[in-house]
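Please read the structure below before turning to the comments.
The values are calculated or read from the model by the stated rules, or taken from the named source; none is laboratory data. Computed from a predicted structure; not experimentally measured. Note that each Cβ is placed from the backbone with ideal geometry, even for glycine, and that neighbours are counted across all protein chains shown. Surface areas here come from the heavy atoms of the whole protein model, side chains and all, with no ligands, DNA or RNA. Shrake-Rupley method; radii C 1.70, N 1.55, O 1.52, S 1.80 Å.
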Amino acid sequence: MSPSSFSRSEHLRAVWPWLPLWMLVALLAIFAHGPMPLYSTRTLAVAWDMFSHGHWLVPHINGQPYSEKAPLLFWLIQAGWFVFGVSDVWPRVLEVLFGGAQLVLVSLLARRLFPQRPWMAKAAPWMLLAFGYAFLFGLQIMYDVLLSACVLAALLCLTPKPRRAEPRWLLFGVCVGLGLLTKGPVMLLHIVFPWLLGPLWSEWAREHRARWYGGGVLALLLGGAMLLAWAVPAGFVGGDAYRERLFFTQTAGRVVDKLSEGRDLQNHAEPFWFYLLWLPVLLFPFSGWPRAWVAVAGLRRPLESGLRFALCWLLPSFVVFSLISGKQLYYPLPELAGMALLMGGAIAVLRERRPALANHYALGTWPLGAAGIAFALLLFVLPLLVAHAVVKGDWADTVAPYSRYFSVIFLLLGILLLMRGRGELRRLAVAGLVGVFALNALFTLTLWPRWDLRPSAELLSRAEQAGHPLAFMGNYAGEFHFAGRLTRPITELYGDQALAEYARAHPDALVVVRPGELTPADLRYALLAQPFRSSWVVVWTASSLADLRAGHTPPEPAQPTQLYPADDRHYRLPP
């Protein structure tokens, strides 16, 4: 075998079996149900608006410039549509490819940062694929999975190779630019601290500080130039309001709560302790593994460079993200790779320095195993609890018919986690991956109809093709545009007066409302009613809804109201 063939064979063996396993499970999970409102449907709506109207430079949603995100993900989606045709298949395959790229990149990072610990290159991807929240969020057609891949690629450029210690500054700048084109300036928060604190973990940075910081500044300028090469012409094409939001208020409004007041910006303001409170959810199942936390808590100086890198990345990033006003659970998604490096490296040190403690059963996965068995018992008795009205609610009624089948899965996973012996990390990773896949399957079989907006989207699509105007009471987030392949904007209406004026101007229009509960009038006069999350989507003719809101009796509809799903227990009204 030639040296090049041997190298390729070694690289293929290095990703076995974690990459094929993850790809298989992710593909099955992401195609189990349709794109999820509102995350995936909004992304697809922007890409569809751009594709159908030729807005290649400026992202659009509902006919208006969309300043919330940069365009790289939309461009990649549209590139696939040019080749394969328009569908939601290519965008979902893209997300799986981005997720697989993350696993490969974190394995390469571990190999670079822990050259004396070959185990780390195998352990890090197993840990990353097991994070339950990251897996479920990776099923969304969103920007953060691509951003995570850009972050890991950029950080990989900073790390030393066996024959070259100096970072690859040109590639670093390109990766930063791609991240900026994915989600804007937040990319810098994910990569700036490992670079700024480089002398704390990189021997080359300590010896060549001027070249380290000089090369880094030039690379960041290159990344910024890539962003500006799009943003400047896009700002002029999009208009004054779009330009202001793009260059200042959109990012600043997320950082400082007061800057978003009265500007209709997506701020998502939360208190500073928000991420600390949700850390067990973000880190599950490792938040329930005592060995990982004992290993991290037992770290003592001197720390090897890989651990110093992880701490230089995680600690300041966590503080800054906590201080920023706008918060979402998926914002620190790229840092989960850093947590895998930190926990894996800490466990490796624990095995070396305190082997007895590193293999003690008391620190094993038994708490998670016990929790899995308890959850299995809950699923098994759920039909009895529902039958005797101990547990009430639509979710319980819907889940109960399937719960006993899934209880077997979680029972087996619990037993797997109670086992002793070698391979504890791999057992935990497999159990975490299969467990979250099972939860997604249970959701698909039971609760997905409450998220599936295709009936409403198909009705609106037929109405648009027939020439009827469309409107939405309140803020419209693009829920129907891609599923219905709508090509004209949906008018947003606020208040009964706006509805009345719109109905006079467009009596044949259709109007979508989102009531918290159905009324007898909804079931009698509306065109369609379907559950959506914890509320409802109801489609009306504009004239009928305006008559009802004005206190008049609408004319009897030509056809009875379409109800989804067909199970009429969803439409029982209180006496």
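Other residues whose C-beta falls under 14 angstrom from the C-beta of residue 412 contribute a net charge of +2, scoring Lys and Arg +1 and Asp and Glu -1.
As a fraction of the 1.4 Å probe accessible area of the chain, surface on carbon and sulfur atoms comes out at 66 percent. A full extension of the chain between residue 359 and residue 420 corresponds to an added length of 21.0 nm, given 0.36 nm per residue minus the alpha carbon distance. Summed over the residues of the chain and divided among them, the accessible surface reaches 45 Å² per residue at a probe radius of 1.4 Å.
The alpha carbon convex hull volume per residue for the stretch 110-225 rounds to 103 Å³.
Of 494, 331, the residue with the largest accessible area leads and the full order is 494, 331 (1.4 Å probe). For the stretch 260-379, the calculated P(r) over all alpha carbon pairs, in 5 Å bins from 0 to the bin holding the longest distance, is 2, 10, 16, 17, 16, 14, 11, 7, 4, 2, 1, 0 percent. Gyration tensor analysis over the Cα atoms of the stretch 1-150 returns equivalent ellipsoid semi-axes of 33, 16, 15 Å (largest first, whole Å). The H on the amide N of residue 61, modeled in the peptide plane, is under 5 Å from the matching H of 66, each at least 5 residues off or on a different chain. Rolling a 1.4 Å probe across all protein chains gives residue 186 an accessible area of roughly 40 Å².
In straight-distance terms, cross-link reach from residue 69 covers every one of the lysines whose alpha-carbon lies under 25 Å from its own, apart from those fewer than eight places away in the same chain; here that gives 183, 258, 327. Only one of [x] 249; [y] 181; [z] 196 was calculated from the structure for volume of the Cα convex hull per residue in Å³, and its label is [y]. Over the stretch 321-468, the ratio between the Cα radius of gyration and 2.2 N^0.38 Å evaluates to 1.49.
Rounded to 0.05, the FRET efficiency of the residue 213 and residue 241 pair, given R0 = 41 Å and the Cβ-Cβ distance, is 0.60. In order along the stretch 441-456, the phi-based Karplus estimate (6.51 cos²θ - 1.76 cosθ + 1.60, θ = phi - 60°) of 3J(HN,Hα) comes to 5, 5, 4, 4, 6, 10, 9, 4, x, 7, 10, 8, 9, 4, x, 5 Hz; Gly and Pro are listed as x. Per residue, the convex hull around the alpha carbon atoms of the stretch 436-558 comes to 118 Å³.
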